[in-house]
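S.K.: Sharing a structure with you now.
The values are calculated or read from the model by the stated rules, or taken from the named source; none is laboratory data. None of these values were measured; they are calculated from a predicted model. As a convention, Cβ positions derive from the backbone with ideal geometry for all residues, glycine included, and neighbour counts pool all protein chains shown. Heads up: the accessible areas ignore ligands, DNA and RNA and are worked out on the full protein's heavy atoms, side chains in. Shrake-Rupley method; radii C 1.70, N 1.55, O 1.52, S 1.80 Å.
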Number of protein chains: 2
Amino acid sequence: MTAYRSIEWRQGVLRLLDQRLLPQQTEYLDFIHYQEVAIAIQDMVIRGAPAIGAAAAYGLALAAIHSDAKDLSTLRGELETAAGILQAARPTAVNLVWAIKRVFDRLSDPKLVTIPMLQEATISEANKIAEEDIWVCKQIGLNALPFVPPVATVIHHCNTGSLATVDYGTALGIIRTAHEHGRKIEVLVDETRPRLQGARLTAWELSQLGIPHTVIVDGASGHFMRTRHIDFCVVGCDRVAANGDTANKIGTYNLAIVAHAHGVPFYVAAPTSTIDMTQENGDTIPIEERPSAEVEMIGDHQITPTGVRVANPAFDVTPAKFITAIITEKGVAFPPFSQSLAEIMKGSSPKNQSSHPG
Amino acid sequence: MTAYRSIEWRQGVLRLLDQRLLPQQTEYLDFIHYQEVAIAIQDMVIRGAPAIGAAAAYGLALAAIHSDAKDLSTLRGELETAAGILQAARPTAVNLVWAIKRVFDRLSDPKLVTIPMLQEATISEANKIAEEDIWVCKQIGLNALPFVPPVATVIHHCNTGSLATVDYGTALGIIRTAHEHGRKIEVLVDETRPRLQGARLTAWELSQLGIPHTVIVDGASGHFMRTRHIDFCVVGCDRVAANGDTANKIGTYNLAIVAHAHGVPFYVAAPTSTIDMTQENGDTIPIEERPSAEVEMIGDHQITPTGVRVANPAFDVTPAKFITAIITEKGVAFPPFSQSLAEIMKGSSPKNQSSHPG
């Protein structure tokens with residue numbers, strides 16, 4: 001485990017590492033009100049699909065334990081309200097919806113007949129989501145291990161490490177597992193405009209882990225694929241549709257196309273909590289448009305001329321045809337993903353599939 | 001003409017607009033010593049292949065007129081030294097070499113037998129290069145006009161406008177000509193990391209010209225090609241090889257691949273001064289590696305963790321197969337470029353070619 005945890009539950013207080021200030025400052029914020037957790041998710045104090053899922057579950061735990069409700073149905077009503085607010089914080093990652101649904105599934109247990117029981121169940125389910133997330137990440141890392149050659153140079157986009165999850169990481173977890181298993185892995189780190197999660201967070205995490213890495217601008221990935229050997233690209237995801245179309249941080253789609261043009265395998269690390277079988281394909285995944293200031297300003301430094309128009313979609317959708325494999329904690333899905341993801345989501349591992357990464 | 005000129009010759013003084021400070025400050029720097037012009041080119045006070053070509057020619061003019069040489073051969077020796085220093089300022093754009101060669105071709109005239117005659121010829125050739133550049137840009141704009149539909153949305157990378165040239169611009173000149181000819185043209189402006197020439201300079205120029213535009217991060221181009229209609233991409237270039245392979249600002253190659261994947265035409269605006277027939281293909285074009293601070297810092301704001309490794313190639317090479325057409329002042333070259341560029345460089349326009357942009 002790394003020295004810093006993105007998210008911690010401390011006896012009724014949710015503690016989040018403020019990722020907006022990294023790597024220059026490591027500052028923790030404590031939360032008692034779920035409304036402030038929703039704002040923190042929106043403002044990206046915490047980000048990364050698995051991490052915001054866990055944060056939302058703990059947001060419900062805060063709502064439950066700090067409630068003044070005198071009866072069960074009032075408390076349940078308050079939790080419904082909290083769920084609505086937390087879920088609306090960010091639209092693209094399905095993990096918010098998934099985590100909240102998991103808590104409510106648990107709360108539907110008819111044996112929960114007192115307020116303390118309901119409170120206890122909420123906390124317990126949030127803890128379970130958080131603990132499972134670490135196991136899920138490690139399992140994804142192990143499932144990906146066969147795809148990592150003994151010496152590998154890879155390109156990674158955004159941040160998908162300990163900070164983006166409860167701990168360990170998804171795509172960065174794959175890199176970390178490979179490193180821990182003796183692979184000589186080197187990472188070209190897409191800086192990931194506009195919020196620079198790669199340059200700020202991924203570089204910081206890789207430094208702590210002692211994994212060799214070099215930061216590049218997002219537009220340089222093709223140059224490096226053309227001029228040196230890149231073994232694969234690996235990214236996380238915010239929502240995977242039933243056909244394998246994958247929403248992830250803006251810039252992922254460009255990277256996938258460029259990898260495809262060079263015959264470089266493109267892997268998506270996807271906890272099953274991020275797979276949304278209700279979306280037939282990626283066209284219906286909502287894409288969050290974030291404030292233009294994220295592009296216009298860096299720190300206090302204004303880049304663009306005053307008044308210029310900016311478009312700032314936070315995510316893009318990579319069509320399944322550009323994806324070599326989707327690596328989940330329950331197994332690896334190969335094309336055709338409609339079939340392989342369905343099998344994984346049924347719980348059966350599609351290990352015996354014949355298709356292989358290119 | 002726009003209100004600001006990137007480069008002006010004022011009776012023995014070279015005046016450059018300091019593009020590092022735009023759009024927040026418009027400040028001019030005056031130069032008397034050619035050595036300082038070389039540093040200004042290196043530090044990107046002035047940038048853009050055509051603009052640095054003209055600046056180098058004026059650098060020679062400064063060397064000539066501020067020389068203390070008492071005889072012709074001493075002066076010629078000093079000019080050779082100056083040429084070496086100016087030419088070494090930036091390695092990728094061929095325009096430095098081209099402009100210096102043009103001045104020396106002029107100086108080879110045996111009729112230049114006095115120091116004042118040599119000085120006069122140097123200034124006169126530099127002025128000619130500068131004046132011709134404006135004509136060249138306008139002609140490129142006119143030659144591209146048939147490719148611009150009445151209503152067009154285009155993606156542009158880096159800055160190729162008045163600031164990158166003596167005036168008017170190459171790829172932005174195409175956009176400007178289209179606008180002036182009544183095309184309803186809208187520009188998605190790649191911000192162009194690391195130096196943000198798009199967000200800072202192109203947005204500023206398009207604002208002054210009244211051309212609708214929206215700044216996007218470089219990684220978002222695929223998202224927009226997938227979700228709305230893009231008519232074409234258009235970029236400038238720093239060096240075009242004989243087979244059409246094109247060196248241009250880092251990120252150009254990714255944009256070209258992404259355009260290709262979407263069937264979006266990809267046009268390169270290339271003054272013939274940027275076409276280097278001595279390079280068989282793009283593999284031998286030298287790619288400048290610039291200081292890592294360009295990626296690590298924005299203004300005074302440090303992005304990356306201290307000590308992180310950064311790779312910062314300033315340019316990439318787009319193989320000819322991703323280019324729909326190369327638009328020069330002497331005509332439009334279509335694939336196969338080995339043939340069409342050779343015809344253009346011989347002076348004969350390849351207008352009657354059968355191939356057409358995709």
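S.K.: Looking only at segment A:269-324, how many residues end up being of a type in the set (A, V, I, L, M), assigned to a strand (DSSP E or B), without any contact (Cβ under 8 Å) to a residue 60 or more places away in the chain and more than 9 Å from chain B (Cβ to nearest Cβ)?
M.R.: Summing the residues that are of a type in the set (A, V, I, L, M), assigned to a strand (DSSP E or B), without any contact (Cβ under 8 Å) to a residue 60 or more places away in the chain and more than 9 Å from chain B (Cβ to nearest Cβ) in segment A:269-324 gives 1.
S.K.: Restricting attention to segment A:192-215, which residues are open to solvent by less than 10 Å² (accessible area, probe 1.4 Å), more than 7 Å from chain B (Cβ to nearest Cβ) and not in a helix (DSSP H, G or I)?
M.R.: Matches in segment A:192-215: A:192, A:211.
S.K.: Here are B:240, B:264, B:258: which of them is touching a Phe, Trp or Tyr at 6+ places or on another chain (Cβ under 9 Å), more than 10 Å from chain A (Cβ to nearest Cβ) and not in a strand (DSSP E or B)?
M.R.: B:264
S.K.: Hey, among the residues in segment A:333-343 that are surrounded by fewer than 23 Cβ atoms within 10 Å (Cβ to Cβ) and of a type outside the set (Asp, Glu), which one's nearest to the other protein chains (Cβ to nearest Cβ)?
M.R.: Here the answer is A:335.
S.K.: Something else: Filter segment A:287-321 for residues that are within 19 Å of the chain's Cα centre (by Cα) and among the acidic types (Asp, Glu); which is most open to solvent (accessible area, probe 1.4 Å)?
M.R.: A:289
S.K.: Among B:180, B:205, which is the only one that is touching a residue at least 60 places away in the same chain (Cβ under 8 Å), out of contact with any strand residue (DSSP E or B) (no Cβ under 9 Å at 6 or more places or on another chain) and more than 30 Å from residue B:346 (Cβ to Cβ)? Explain how you work it out, then say what you get.
M.R.: On the way: B:180 fails: touching a residue at least 60 places away in the same chain (Cβ under 8 Å).
Residue meeting the stated conditions: B:205.
S.K.: If you check every pair at least six apart or on different chains, which have Cβ atoms under 7 Å apart with a residue in segment A:75-90 that is of a type in the set (Val, Ile, Thr) first and a residue that is surrounded by fewer than 19 Cβ atoms within 10 Å (Cβ to Cβ) second?
M.R.: These pairs meet every condition: A:85/A:35.
S.K.: Now a separate question. Can we say residue B:191 is over 21 Å from residue B:316 (Cβ atoms) and in contact with a strand residue (DSSP E or B) (Cβ under 8 Å, 6 or more places away or on another chain)?
M.R.: Judged against the criteria, residue B:191 is not a match.
S.K.: Any idea which residue in segment A:218-234 is most open to solvent (accessible area, probe 1.4 Å), counting only those that are of a type outside the set (D, E, K, R) and more than 12 Å from every other protein chain (Cβ to nearest Cβ)? Explain how you work it out, then say what you get.
M.R.: Within segment A:218-234, the subset of a type outside the set (D, E, K, R) is A:219-225, A:227, A:229-230, A:232-234.
Restricting the remaining residues to those that are more than 12 Å from every other protein chain (Cβ to nearest Cβ) gives A:229-230, A:232-234.
Working: A:229: 127, A:230: 8, A:232: 4, A:233: 0, A:234: 1 Å².
Taking the candidates together, the pick is A:229.
S.K.: Let me ask another. Picking from B:278, B:284, B:324, which residue would you name as being surrounded by fewer than 16 Cβ atoms within 10 Å (Cβ to Cβ), of a type outside the set (A, V, I, L, M, F, W, C) and within 28 Å of residue B:138 (Cα to Cα)?
M.R.: Testing whether each residue is surrounded by fewer than 16 Cβ atoms within 10 Å (Cβ to Cβ), of a type outside the set (A, V, I, L, M, F, W, C) and within 28 Å of residue B:138 (Cα to Cα) leaves just B:278.
S.K.: Looking at B:144, B:130, B:121, B:126 in this structure, which one is outside any loop (DSSP other than H, G, I, E, B) and over 20 Å from residue B:55 (Cα atoms)?
M.R.: That would be B:144, the only listed residue that is outside any loop (DSSP other than H, G, I, E, B) and over 20 Å from residue B:55 (Cα atoms).
S.K.: Based on what the data block shows, is residue A:39 of a type in the set (A, V, I, L, M), more than 22 Å from residue A:19 (Cα to Cα) and open to solvent by 10 Å² or more (accessible area, probe 1.4 Å)? Working first, answer last.
M.R.: Values: of a type in the set (A, V, I, L, M): yes; more than 22 Å from residue A:19 (Cα to Cα): no; open to solvent by 10 Å² or more (accessible area, probe 1.4 Å): yes.
So residue A:39 fails the test.
S.K.: Just checking, how many residues over segment B:283-312 are of a type in the set (Lys, Arg) and closer than 18 Å to residue B:197 by Cα? Please lay out each step first, then the result.
M.R.: First, pick out the residues of segment B:283-312 that are of a type in the set (Lys, Arg): B:290, B:309.
Subsequent filtering for residues that are closer than 18 Å to residue B:197 by Cα retains B:290.
Of the residues in that region, 1 qualify.
S.K.: Might you check whether a residue that is open to solvent by 50 Å² or more (accessible area, probe 1.4 Å) and touching a Phe, Trp or Tyr at 6+ places or on another chain (Cβ under 9 Å) occurs anywhere in segment B:10-27?
M.R.: yes
S.K.: Can you find even one residue in segment A:99-107 that is closer than 30 Å to residue B:302 by Cβ and free of Cβ contacts under 8 Å to residues at least 24 places away in the same chain?
M.R.: No.
S.K.: Let me ask something else. Any residue in segment A:149-157 that is free of Cβ contacts under 8 Å to residues at least 60 places away in the same chain and open to solvent by less than 30 Å² (accessible area, probe 1.4 Å)? Reasoning before the result, please.
M.R.: Residues of segment A:149-157 free of Cβ contacts under 8 Å to residues at least 60 places away in the same chain: A:150-151.
Pick out the ones that are also open to solvent by less than 30 Å² (accessible area, probe 1.4 Å) and you get none.
There is no residue in segment A:149-157 that is free of Cβ contacts under 8 Å to residues at least 60 places away in the same chain and open to solvent by less than 30 Å² (accessible area, probe 1.4 Å).
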